[in-house]
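Have a look at the structure below, then the notes.
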């Protein structure tokens, strides 16, 4: 007959792997969704790259000390005030199992529905649900829940605005030039410089954060900040010079007006002229009115031709050359984001696993629990398996169903997400952001830069609705699983 402790420990291992599998299937897919949707990577290559960088981030850099309850939703020591010491340990173990089952199940449902949701919010909701039924509503740190909710709203808006601004700048400095290839060749080294500077910052303040905790290093100390900036600038300059050298043989176009996107700019200008002439026609009734009518007919005809030329020429040889340059930039940003995600978000699975293991195996209840190496491996393996087996469902949503992506648009989205993550990481009050919300918001911003018609509003409606119910869904599922376990074990 299996005793209670063995049963709970075995269940903890299973639920930890189950949660990590669902994290890989849903959350990791976000990092590579834009690369697949834009055509920069095939699905197989995206899975391989994500597997490598997510696993490295999780196993090498992943935290060796994890908060017992994600984001410190409550103090687990309070359990001993309500239950006996031995019973409190079992309660915490059951609660962590229930939280993992709840978060994994909600992620499973979301992945099946092809909704990109936040794994952090899933586990937070699950832990809050367990805390409410085991301790009471009054002992939950609702200020922490409120801060997470603020991040839920702010992060997609911030990343969307950055992506919108960046794509607009690239359109005007590269795609709307008479010779877009030459413009891209001149712009690429500058973009690489800023990409490497930002990604170094993301790595330092997001990806390596668990490593700093391990060695008790303050990344915001003046000498640490100076070192980070110096390394980022040096790597950025090296990347810029290497990029310039690699693009030296890329042939520029003849410098004519064949760039089809110039017709898009012309179409916009003609649209404005038509709007003003309609105002003239409406406010005059003499010969000026007749002239306005004739000019309107000509301008509307020119406007129609410009739109047709834009639609027929967007796959020109020159624009394909430009997009090929952005392929490498997009893959670079995707790999960095995957590494940072693996280093941090693996804790969504192994945090409750480690806390539950320590409580059940050692009978110890702490705010922080040691993370054994095998737990990091379980998290890393589970994440990779989830991405490889079912990640394509969410990849399809992020890469294809929100807006049409190209390598340049995908790059802007991923870079904007990286900038948002960096800003949130260095803010004094440490705004918690979701990688999922940030990246989806950035994709939305890129699509909005091309006009509202470029967005699939039905998909966005479904995604936002899934975001809104993630925390309560995790909480309710956690309550259900906790009561089932309590009946079986306690």
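A Förster radius of 45 Å combined with the Cβ-Cβ distance from residue 165 to residue 137 puts the calculated FRET efficiency at roughly 0.60.
For the stretch 333-490, averaging the sequence separation of C-alpha pairs within contact (under 8 Å, six or more residues apart) and dividing by the residue count gives a relative contact order of 20 percent. To the nearest ten degrees, helix 373-390 and the longest principal axis of the Cα atoms of the chain are 40 degrees apart.
Note on residue 377 and residue 6: with the Förster distance fixed at 25 Å, the Cβ-Cβ geometry gives a FRET efficiency of about 0.75. Cα-based radius of gyration for the stretch 18-63, normalised by 2.2 N^0.38 Å, reads 1.18. Ordered by the count of other Cβ atoms within 10 Å of each Cβ, fewest first, 389, 149, 333, 15 give 389, 149, 15, 333. So for the chain, considering every pair of alpha-carbon atoms, how many percent are separated by more than 39 Å? Result for the distance tail: 31 percent.
Relative to the dominant Cα principal axis of the chain, helix 347-357 is inclined by about 0°.
Here the spin labels are modelled as points 7 Å beyond Cα on the Cα-Cβ line, and at residue 44 and residue 80 they lie 5.6 nm apart.
Residues 145, 293, ranked from the fewest to the most other C-beta atoms within 10 Å, line up as 293, 145. Normalising the average separation of contacting C-alpha pairs (under 8 angstrom, six or more residues apart) by the number of residues puts the relative contact order of the chain at 40 percent.
Mind checking the angle between helix 407-426 and the chain's longest principal axis? C-alpha axes, 0 to 90 degrees, to the nearest 10. The answer is roughly 50 degrees. Entry for the stretch 42-164 at q = 0.11, 0.15, 0.17 Å⁻¹: log10 I(q)/I(0) = -0.52, -0.90, -1.07, Debye formula applied to identical alpha-carbon scatterers, no solvent contribution.
Secondary-structure-derived ellipticity at 222 nm for the chain, considering helices only, amounts to -25000 deg cm²/dmol, per-run term -39500 (n - 2.57) for DSSP H runs with n ≥ 4. Sorting 228, 243 from the fewest to the most surrounding beta carbons within 10 angstrom yields 228, 243.
None of the figures in this text is laboratory data; all of them are computed from the coordinates on show. Keep in mind the model is a prediction, meaning the values are calculated, not measured. No Cβ is skipped: glycine too gets one built from the backbone with ideal geometry, and neighbour counts run over all protein chains shown.
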